[in-house]
């Protein structure tokens, strides 16, 4: 007869889904959503410039900041995707 006392309820290769996610997971999600909105807005303004352009409109700050927020949000999500708080 096999000894089943060492069996875990979680199979190998699967993460346990109990517990709360850390706040940094949700911060990453919010950064990625806002970053995506900024990038889409920046791309829109590249093809349809505003008649009242700002002094730095030629630098396309929406695309730069949106890209930065997408990358930083992705880093937050990647580093906290497997972390669970008991």
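Listed by Cβ neighbour count within 10 Å, with the fewest neighbours leading, 29, 69 appear as 29, 69. Compactness ratio for the stretch 32-86: Cα radius of gyration over 2.2 N^0.38 Å (N = residue count) comes to 1.49. Label point of residue 20 set 7 angstrom out along Cα-Cβ; within the stretch 50-86, amide nitrogens under 12 Å from it belong to 85-86.
Taken together, the values in this text are just the output of simple stated rules run on the coordinates, not laboratory data. Computed from a predicted structure; not experimentally measured. Positions of Cβ are generated from backbone atoms using ideal geometry, with glycine treated the same way; all protein chains shown enter the neighbour counts.
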